[in-house]
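Have a look at the structure below, then the notes.
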Amino acid sequence: MSTNPLPLIYDLSLEDLTQTLQTWGEPAYRALQIWQGLYIQLWNTPEQFTNLPLPLRDRLATSFRFSGLTPGAVLQSSDGETIKTLLTLHDGRAIEAVLMRYDERNTLCISSQAGCAMGCVFCATGQMGFKRHLTSGEIVEQVLYYARKLKQTDERVTNIVLMGMGEPFHNYEATIAAIDRLNHPQGANLGERRFTISTVGLIPFIQRFASEKRQINLAISLHAATDEERSNLLPVNKRYPISELLIACRDYVEQTGRRITFEWALINGVNDTPETAHQLANLLKGLLCHVNVIPLNPTQKFAGQATTRTRAEAFKTILEKSGIPCTIRIRRGIDIQAGCGQLATDANQSNPVL
Ligand code: SAH
Ligand code: SF4
């Protein structure tokens, strides 16, 4: 573990890399060669860059780190479709990244922060508190890590959701920079539509995101239909109450023409009642949106339990009858602590998990 490490090469944009190479007196095309090595060939050691002259390879090796994440515990769900990896950062903090292989997709769920400052009571990451922001390169590297694994079987990452640890809009610039880097047409070339940012509802950043008119998908963690209930579950609601949040959502849809996804963790007897479903339908009336309900993944420090299948179906039916599309997401891989933050909680408390 090093406290003052070399710069991480994935923290650089192509422009940054080009500038660095310029100061080294290298021709401009070398930057593109390195960029393509990193993001197309998926190389992660300087020695692999055999298309570069040896002195340049050596200079890269002494100037940059090519790895900011050390894979630790790997957990696989019993159906083999979900793989979760604990990744340790250079300062010893732990994050998690999950690969879900179904519906003919390879979807990654990645982290934007170590821990989270938002304190949602049912969330394992919220329960551990905020540790630090990830750099854009640390966000990028989670994707490269799985892209390399998938490449071994000639597969690719198809979708990426910012639904791992952390609140991406609390780390807005690094999150967007990471997506831009992965989106670059001369590199990884992952289209913006393949990405989904999930936010707890930080209104100023929803507004900023709307004004940027990107094609990245937006998901909002709603979870409750009254301010009293939502503030109990998501303390951030005291600052950004439901009415203001929904105004920001309506503005977003108006500005971008894009549909919003609302996330709703169904907690037995708390927010899964028919009355709540009607309240929610009322709130979302006329808004271009979709609701994803997920039975709660129980966590150590929250007494709530998951809803039942029957109650989830009834909730969905009420929304649909009111014209609000709804999908029930079963948290696959629940048997591998795939709920956000659950594996890293153990690691950050240094309880070995395997
Ligand atoms: N901070 C962002 C993204 C990470 S959390 C956000 O809150 O949206 C990703 C999703 O998992 C959010 O919808 C969050 O509310 C949900 N979530 C967190 N803990 C959960 C749990 N124990 N059971 C079900 N969903 C959970
Ligand atoms: Fe943070 Fe999202 Fe967890 Fe809330 S649900 S504590 S915002 S990671």
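Residues of the range 34-92 being part of a helix (DSSP H, G or I) and in contact (Cβ under 8 Å) with a residue 60 or more places away in the chain, which ones?
Hits for the range 34-92 are W35, Q36, L38, Y39.
Filtering the range 58-72 down to residues that are under 25 Å from the mean Cα position of the chain (by Cα) and surrounded by fewer than 19 Cβ atoms within 10 Å (Cβ to Cβ), which residue is farthest from I139 (Cα to Cα)?
G72
Restricting attention to the range 120-162, which residues are within 15 Å of ligand 2 (Cβ to nearest atom), surrounded by 21 or more Cβ atoms within 10 Å (Cβ to Cβ) and charged (D, E, K, R)?
K131
Please go through the range 255-288 and give me each residue that is among the β-branched types (V, I, T), within 16 Å of ligand 2 (Cβ to nearest atom) and free of Cβ contacts under 8 Å to residues at least 60 places away in the same chain, ordered by number.
V270
Results for (1) among the β-branched types (V, I, T); (2) within 16 Å of ligand 1 (Cβ to nearest atom); (3) in contact with a Pro (Cβ under 8 Å, 6 or more places away or on another chain), shown as yes or no for each residue.
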site	(1), (2), (3)
Y29	no, no, no
G37	no, no, no
K84	no, yes, no
I95	yes, yes, no
D103	no, no, no
T107	yes, yes, no
A114	no, yes, no
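Part of a loop (DSSP other than H, G, I, E, B), touching a strand residue (DSSP E or B) at 6+ places or on another chain (Cβ under 6 Å) and either under 18 Å from L162 (Cβ atoms) or within 16 Å of ligand 2 (Cβ to nearest atom) (or both): is that true of A117 in this structure?
The answer is yes for A117.
Please specify each residue of the range 61-95 satisfying the condition of being at pLDDT 95 or above and charged (D, E, K, R).
R65, D91, R93
The values are calculated or read from the model by the stated rules, or taken from the named source; none is laboratory data. Remember, it's a predicted structure, so these values are computed and weren't measured experimentally. Positions of Cβ are backbone-derived with ideal geometry, glycine not excepted, and every protein chain shown enters the neighbour counts.
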